[in-house]
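One structure is given below, encoded as structure tokens.
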């Protein structure tokens, strides 16, 4: 039994690591979509256009999920699944919106660093909620993840303002999403809660797009040349595949361990950005890669050695 749990934990580590690989690709796909909408960004506002892109990517994921899963369809008439989806979808939406507003006034490197603080917040909040002392491996992993993500594009030049504050708050919401995913996916079917959380994201992002742009015409942004293919990639890979794997695998790991793995996303985003000519390679990139690679090794070791009952403790209900 203990061996089976250790195997599941190692599979979960590899599965969530693959999630970060796909999530890193969303950086390029989002950039491609945004670069094709220069006129719309001026006409409808950045918040309006990004709201449309977020709504469209999760609508694609939602539509793709329903035909293949009876659990996903049944969830739409389940009160409990809607409660879980409202929590997870609402937390993701809040994180995306605050990050989107904050990045308007901060540099990408500062935004990446401050967003990566969700690793620290996850550790603090999960320890506080579970009343469980952090292990030395956990502390080392958090430190490596934060340093690696923060310096992947060079030292962050941080000056506190509204944008920085909003980005830190966004990191808190992402941390809460990780913690509540741990709790909710132990009580509810992962496919079911994925379905309802997608629906919540589509509705919420659409409302934001309408309010920010002042009307419905902003939704024409989703059909412009150069936008459709990136949106399909965002929907099928960055949203559907990633959230399904996240909801299926994360329950086998401590929330802090999961957050540490997710911190590898900036590595892939930076590599993909470099391939597209959007990021310059520097010694800082190499240092960030090494820090985060070492962090994954620490996490793999911790997953193999941790006792199987560790993750059975309930998170927030």
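Miscellaneous remarks
- Members of region 201-218 found to be surrounded by fewer than 22 Cβ atoms within 10 Å (Cβ to Cβ) and either touching a strand residue (DSSP E or B) at 6+ places or on another chain (Cβ under 8 Å) or under 19 Å from residue 80 (Cβ atoms) (or both), listed by number: 203
- Residues satisfying the stated conditions in region 30-45, i.e. modelled with pLDDT under 85 and either crowded, with 17+ Cβ neighbours inside 10 Å or touching a strand residue (DSSP E or B) at 6+ places or on another chain (Cβ under 8 Å) (or both): 30, 32, 34
- Only residues that are more than 16 Å from the chain's Cα centre (by Cα) and crowded, with 22+ Cβ neighbours inside 10 Å were counted in region 219-241, giving 4.
- A residue that is at pLDDT below 90 and not in a helix (DSSP H, G or I) occurs nowhere in region 239-251.
- Residue 195 vs. criteria under 23 Å from residue 32 (Cβ atoms), modelled with pLDDT of 90 or more and in a helix (DSSP H, G or I): no
- Test: residue in region 132-148 that is surrounded by fewer than 23 Cβ atoms within 10 Å (Cβ to Cβ), closer than 27 Å to residue 245 by Cβ, modelled with pLDDT of 80 or more and more than 19 Å from the chain's Cα centre (by Cα): no
- Qualifying positions in region 106-131 - in contact with a helix residue (DSSP H, G or I) (Cβ under 8 Å, 6 or more places away or on another chain), buried (at least 18 other Cβ atoms within 10 Å of the Cβ), part of a helix (DSSP H, G or I) and at pLDDT below 75: 110, 111, 112, 113
- Pairs meeting the criteria (first residue in region 11-27 and more than 16 Å from residue 272 (Cα to Cα), second residue outside any helix (DSSP H, G or I), beta carbons under 6 Å, at least 6 apart or on different chains) are 12/253.
- Residue match in region 68-79 (condition: under 24 Å from residue 265 (Cα atoms) and touching a residue at least 40 places away in the same chain (Cβ under 8 Å)): no
- Among the residues here, residue 6 qualifies as surrounded by fewer than 18 Cβ atoms within 10 Å (Cβ to Cβ) and part of a helix (DSSP H, G or I).
- Among the residues of region 177-189, those identified as surrounded by fewer than 22 Cβ atoms within 10 Å (Cβ to Cβ) and either in a helix (DSSP H, G or I) or free of Cβ contacts under 8 Å to residues at least 60 places away in the same chain (or both) are 180, 183, 186, 187.
- From the options 103, 178, 210, 152, residue that is at pLDDT 75 or above and closer than 29 Å to residue 270 by Cα: 178
- Residues that are farther than 18 Å from residue 111 by Cα and not in a helix (DSSP H, G or I) were ranked within region 252-270; the one that is modelled with the lowest pLDDT is 254.
- Looking at region 9-86, the helices (runs of 4 or more DSSP H) lying wholly inside it that each contain 1 or more residues that are in contact with a helix residue (DSSP H, G or I) (Cβ under 9 Å, 6 or more places away or on another chain) and over 23 Å from residue 190 (Cα atoms) sit at 38-44, 46-65.
The values are calculated or read from the model by the stated rules, or taken from the named source; none is laboratory data. Keep in mind it's a predicted model, so treat the numbers as computed, not measured. All Cβ positions, even for glycine, are placed from backbone atoms using ideal geometry, and neighbour counts span all protein chains on display.
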